[in-house]
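Down below is the structure, laid out as structure tokens.
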Amino acid sequence: MMSPMSVWEPVLVLLGVVSGGVAALHGLGAWLRTGRALPEAEAFSGGLPPGEHAFSRFHVRWYPVTMIFLAFDMEMLFMYPWVRVVRTMGVPAVVEMFLFLAVLFAAVVYAWREGALRWA
């Protein structure tokens, strides 16, 4: 029988190696750093000067699109663990996923009916 500590030894060794590597890289960066002044902080937009103010507003049409994206994003977030356990859980897991998808489908139908997908 293995002792409980022998199971954690590789994890502790890996943690020590990673901690030592981070400390070594930090020390190397401090050793190589030059004493130059920091540049003035400016807004960064892919290397180009910003074309608008950082507090500019988005058009109201973007918010429904964002909510629809989040609905589909949550669907994918919950479907991955479901795929991992569906074989062991059986029919109840399939029924629950179809109920979840039905709720999301109802939300998309509602958004479509309210005109959230219409851009003109």
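The values are calculated or read from the model by the stated rules, or taken from the named source; none is laboratory data. Just so it is clear, the model here is predicted, and its values are computed rather than measured. Cβ coordinates were reconstructed from backbone atoms using ideal geometry, including for glycine residues, and neighbour counts include every protein chain displayed. Each accessible area value is taken on the protein alone, full model and side chains, heavy atoms only, with ligands, DNA and RNA left out. Shrake-Rupley method; radii C 1.70, N 1.55, O 1.52, S 1.80 Å.
Checking each residue in region 85-96 for being surrounded by 10 or more Cβ atoms within 10 Å (Cβ to Cβ) and assigned to a helix (DSSP H, G or I) picks out Val85, Val86, Met89, Ala93, Val94, Val95, Glu96. Could you say whether any residue in region 37-47 is open to solvent by 100 Å² or more (accessible area, probe 1.4 Å), out of contact with any Gly (no Cβ under 7 Å at 6 or more places or on another chain), at pLDDT 70 or above and not hydroxyl-bearing (Ser, Thr, Tyr)? Looking for residues that are open to solvent by 100 Å² or more (accessible area, probe 1.4 Å), out of contact with any Gly (no Cβ under 7 Å at 6 or more places or on another chain), at pLDDT 70 or above and not hydroxyl-bearing (Ser, Thr, Tyr), one finds none in region 37-47, hence no. Of the residues screened, Trp31 is one that is open to solvent by 90 Å² or more (accessible area, probe 1.4 Å) and either at pLDDT 85 or above or part of a helix (DSSP H, G or I) (or both).
Look through Phe100, Phe69 and report the one residue that is part of a helix (DSSP H, G or I), of a type in the set (Phe, Trp, Tyr) and open to solvent by less than 80 Å² (accessible area, probe 1.4 Å). Step through it out loud before you land on a result.
On the way: Phe69 fails: open to solvent by less than 80 Å² (accessible area, probe 1.4 Å).
Going through Phe100, Phe69 in turn, just one is part of a helix (DSSP H, G or I), of a type in the set (Phe, Trp, Tyr) and open to solvent by less than 80 Å² (accessible area, probe 1.4 Å): Phe100.
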